[in-house]
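Contents: one structure, followed by commentary.
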Amino acid sequence: MRLEFGNFYNDLAFSHQQTKQYRKAIQYYQKAFKIFQKHKYKSTYSVYVTLGQCYLELGDFTQAINYLRKGLKYDQEDNGNTILTSIGIYHYKTNQLDSALVYFDKVIKDAKASNTLLFKDKKNFTTAITYKISGLIQLYTKSKKRTHLEQANQELRKYDKDIRKMVSFTRRRGDQLVLKSLIQKFYQVALRVNILSIKNKTNQSIVGNTFYLFERAQSTILLSSINYSEAIKFAGLPANLVKQERDFREEITYYKNQLITKAKKTSSYQDSLFKYNRQYETLIAQLEKDYPKYAQLKYQNKTVSIAEVQSKLDTQTALLEYAFGADQSYLMVITKTGVNVIPIAAEKKLKPLMNAYYEALANESGVNVFAMASYNLYEALLKPIEKYLQGKSRLLVIAPSLESIPFEALISQKASANAIKNDDYSQLNYLINQYQVSYHYSATLWHRGVQSKQKITPRLLALAPFSTGKSEAVSTRTRKSADPLPESGVEVKKLFNLFNTKKLAADIYLAKKATKARFVNNAKDYSILHIASHSSASTKNADLAKIRFAPNSDTSKVDGLLYSGEVYNLSLNADLLVLSSCESGVGKLAQGEGVLSLARSFLYAGARNIVFSLWDVNDTEIRKLMEAFYTNFLNGQNYREALQKAQQSRIKADKFLPPKHWAGFIMIGE
């Protein structure tokens, strides 16, 4: 059998391994091995390593160590640290902790000795330090010797510096996200060390360090990316270099999208993408060398302190920061005058509750089913901290992975018999009736936004590209991406009238006038942006989430689709961006980073507050909610309160209206 079949089976096996289908992966790896061995191919013995890893995941430790030892014998030169890491994990999982630590130390020492880590070495290093600290926790748990806990504390402080440096110097976003899933596990383990330390000492510095670890576990890549964006803006770079940097990013985004969406010319697109990536990396390296302030701003990785957060909180607000772990999750509650860390259920227990709640919302389940799912999740996420929320009227939720779980529709009491009997949603005790709710990716990013807050004069740019067509009810389940949204035109015209009545500047564009080029070229000049259109998510490739505008005919590169990857290249000054479109908050979930959605990309581009949707909503209901929101805002309410009152008005207007139709819009910011 030809060698190409071996490579085919090897690739197929790797795909199954990545999706945790280990038995299928083993079958294909064994087929690949036979073909490789026949052809005396250079990758023959690396299959030993991947087979060992698969058996390790399946818990077949005898087979795992057998293949890993063969790999160590024949493939140490190419994959030495990968094998040592896997053998260390074998000893860890078989309770041979002292031996495991020896292997992890070898990997760490080798990685630290290297000045330029390859990407796979970064993965091995991060995995090794995570398991090493986990091993020290296990030793402490068994022996109760504080020396193990103290060593774990020393190690995590040391390795935290290495990880921050590693993230900063990992430039490609795909590599960053793979690395981040490993880093997330490190900070989860580090958090356990700190919580154990708190149990032994109620030291303020330990509490502060716990908050630091909460923050490091949240959206590290987004924070690093925003640092990079701000470095370009504020480092005083020459205009021609700023333009060159932006042009390279736009070309890279264009060819990445072409590779994914176009079947033809793949080789040509790959060549172009490789060329621009190389040119871009060369430029960035030169900027770092020639402009020290640029490098300083880009690589700053300071997280906000508890005191800094409290200085910006008012007495009515509680900041809730969640950190989820496989064995234990934690919730930190920060108010103006207090800080508390509360243990809550492990991630594996929370996920079924989150899924049940989301499905009950999205499927418009009856009151009985919805109320049960909603209250069960409330009990897990918020009931443990009820006493700390007394007297509060605002919640700021920091939990990227909870972004698609709207707290607003959680209920704090079980549904009454009358509500269930009459299927009356308005009788439920929703959280939105007690609190204004907003979200953010991390307390550090929230604090930056609050610090940079300025008084604005509202100036509106609103676009509704699909506002033509007969006004009729369109089912969200059957709507196509180019179907008319007649209510969106009514919505945008109403906004224009509201602003005009207040003598505030407003420009609106409907149907064919609502082009991508008009938005891209003019958005930076407005403080409020409103897009009433179709959007669609991509759970596989974050850069392919998109908003639809009216198409242009002037250039082949500017069609009617604005991709999430392109949004990252915009430079906005919007205090508020409203994505009045379906699924604008849905996207690929990256561990520790949250949903890589359109909303997130607009935050990166400079929008300070974003209102967006989590799922399809009927455009008539969107119009009603948006009219109420803007009316409240223009009458003097802040964004949080304006959205709260708008959602409350929809609950009161129709007691049979499922919460899907008002809870689907949430806000990041403030």
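The values are calculated or read from the model by the stated rules, or taken from the named source; none is laboratory data. Small disclaimer: the values here were computed from a predicted structure and weren't measured. Every residue, glycine among them, receives a Cβ derived from its backbone with ideal geometry; neighbour counts consider all protein chains shown. With ligands, DNA and RNA removed, areas are computed over all heavy atoms of the protein, side chains included. Shrake-Rupley method; radii C 1.70, N 1.55, O 1.52, S 1.80 Å.
Here are a few things to note about the model shown:
- Look at the range 273-284: where a residue is outside any helix (DSSP H, G or I), no partner that is open to solvent by less than 40 Å² (accessible area, probe 1.4 Å) and at pLDDT 85 or above sits 6+ places away or on another chain with Cβ atoms under 9 Å.
- Checklist (1) modelled with pLDDT under 85; (2) in contact with a strand residue (DSSP E or B) (Cβ under 8 Å, 6 or more places away or on another chain); (3) in a helix (DSSP H, G or I) applied to Gln218, failing item: (3)
- Subset of the range 482-518 [of a type outside the set (A, V, I, L, M, F, W, C) and at pLDDT below 85]: Asp483, Pro484, Pro486, Glu487, Ser488, Gly489
- Of all residues in the range 307-327, those being modelled with pLDDT under 90 and out of contact with any strand residue (DSSP E or B) (no Cβ under 6 Å at 6 or more places or on another chain) number 4.
- Lys349, sole failed condition from (1) at pLDDT below 95; (2) closer than 24 Å to Leu196 by Cβ; (3) open to solvent by less than 40 Å² (accessible area, probe 1.4 Å): (3)
- Of all the listed residues (Thr50, Thr82, Thr62, Thr19), the sole one being surrounded by 20 or more Cβ atoms within 10 Å (Cβ to Cβ) and either farther than 30 Å from Thr141 by Cα or without any contact (Cβ under 8 Å) to a residue 12 or more places away in the chain (or both) is Thr50.
- Subset of the range 365-385 that is open to solvent by 70 Å² or more (accessible area, probe 1.4 Å) and more than 20 Å from Gln328 (Cβ to Cβ) - its residue that is farthest from the chain's Cα centre (by Cα): Asn368
- Residues in the range 391-434 that are open to solvent by less than 40 Å² (accessible area, probe 1.4 Å), assigned to a loop (DSSP other than H, G, I, E, B) and without any contact (Cβ under 8 Å) to a residue 60 or more places away in the chain: Ile405, Leu410, Ser412, Ala415.
- Filter result (open to solvent by 30 Å² or more (accessible area, probe 1.4 Å) and farther than 14 Å from Phe665 by Cβ) within the range 632-653: Asn635, Gly636, Gln637, Asn638, Glu641, Lys652, Ala653
- Residue within the range 624-631 that is open to solvent by 10 Å² or more (accessible area, probe 1.4 Å), at pLDDT 95 or above, of a type in the set (Phe, Trp, Tyr) and part of a helix (DSSP H, G or I) present: no
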